[in-house]
Amino acid sequence: MDVSEREAQLQAQCQVYQPLSSAQIRLLRVHSSADPYSEILCDLFAVDLNTKSGATVVGSSVKVRYEALSYTWGDPQPSSTIQVDGLPYWVSANLFEGLQRLRLPDQDRVLWIDAVCINQKNLTEKSAQVGLMFSIYLKAHRVVVWLGLATYDDAALFARFDANWDGRSDVAMAFSDAKARKAASALLEKKP
């Protein structure tokens, strides 16, 4: 694909966004696929957050359970495409990899993902939606965290967790190996 075609697609992806009222957000329905490497097909729909019990589809009383995705943006440069409402939609490599891994094989998954559910090119909307983030995460059925693809060190660390965890509060001290303690401490360190 040449640069001009890619730029045209990036401009056209704003077509997927319909205006929102003050207490509405968009959710992304990721369609199921048993093949993790098949094209990622999605659609956006609006929900109302005014209800006490969660979110309802705009214009109805149908409740929707969704998961809020918290993830590292990584390189924000769009590098891969998914399909949203039948249009190519460019996303970062880390989000693309996350969607490949988080897509379910046998049922659709409804997610709130800031980079897709908020029109990032509309500064007024972006500001209003950032103001709703507390409610978005609070009303989510679950918050899913995607840190990126596992490295060899990650796999080794979690294998040690499984093998050595005995319920102690100081997880890092559950490891006799100094390198493993350092890796566990770095992973679990609270950042301001």
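The values are calculated or read from the model by the stated rules, or taken from the named source; none is laboratory data. Here the structure is a predicted model, which is why all the values come from computation and not from measurement. Every residue, glycine among them, receives a Cβ derived from its backbone with ideal geometry; neighbour counts consider all protein chains shown. Calculation scope for accessible area: heavy atoms of the full protein, side chains included, ligands and nucleic acids excluded. Shrake-Rupley method; radii C 1.70, N 1.55, O 1.52, S 1.80 Å.
Here are a few things to note about the model shown:
- Test set (1) of a type outside the set (Lys, Arg); (2) within 17 Å of Thr56 (Cα to Cα); (3) open to solvent by 10 Å² or more (accessible area, probe 1.4 Å) - Ser92 fails condition number: (2)
- Selection of first residues in segment 107-131 that are more than 28 Å from Asp35 (Cα to Cα) and of second residues that are polar (S, T, N, Q) and part of a loop (DSSP other than H, G, I, E, B), restricted to Cβ pairs under 8 Å at least 6 apart or on distinct chains, gives the following pairs, ordered by first then second residue: Glu125/Asn119; Lys126/Asn119; Lys126/Gln120; Ala128/Ser22.
- Yes/no for Ala150 being of a type in the set (A, V, I, L, M, F, W, C), modelled with pLDDT of 90 or more and either under 15 Å from Leu28 (Cα atoms) or assigned to a loop (DSSP other than H, G, I, E, B) (or both): no
- Lys121 falls short of the stated requirement of being under 19 Å from His141 (Cα atoms) and open to solvent by 50 Å² or more (accessible area, probe 1.4 Å).
- Residue within segment 9-25 that is modelled with pLDDT under 90 and assigned to a strand (DSSP E or B) present: no
- The single residue among Leu99, Leu111 that is surrounded by 13 or more Cβ atoms within 10 Å (Cβ to Cβ) and in contact with a Phe, Trp or Tyr (Cβ under 7 Å, 6 or more places away or on another chain) turns out to be Leu111.
- When we screen Ala128, Ala172, Ala140 for residues that are modelled with pLDDT of 90 or more, more than 16 Å from Glu67 (Cβ to Cβ) and crowded, with 16+ Cβ neighbours inside 10 Å, the only hit is Ala128.
- Residues in segment 70-104 that are out of contact with any Asp or Glu (no Cβ under 8 Å at 6 or more places or on another chain), in contact (Cβ under 8 Å) with a residue 60 or more places away in the chain and not in a loop (DSSP other than H, G, I, E, B): 11 in all.
- Single match in Ser38, Ser32 (criterion: part of a loop (DSSP other than H, G, I, E, B), modelled with pLDDT of 90 or more and in contact with an Asp or Glu (Cβ under 8 Å, 6 or more places away or on another chain)): Ser32
- Among the residues making up segment 27-44, those that are out of contact with any strand residue (DSSP E or B) (no Cβ under 6 Å at 6 or more places or on another chain) and open to solvent by less than 60 Å² (accessible area, probe 1.4 Å) are Ser32, Ser33, Pro36, Ser38.
- Output for segment 49-69, where each listed residue is open to solvent by less than 40 Å² (accessible area, probe 1.4 Å) and assigned to a strand (DSSP E or B): Ala55, Thr56, Val64, Glu67, Ala68, Leu69
- The one condition from (1) modelled with pLDDT under 95; (2) of a type in the set (S, T, N, Q); (3) closer than 16 Å to Arg142 by Cβ that Gln107 does not meet is (1).
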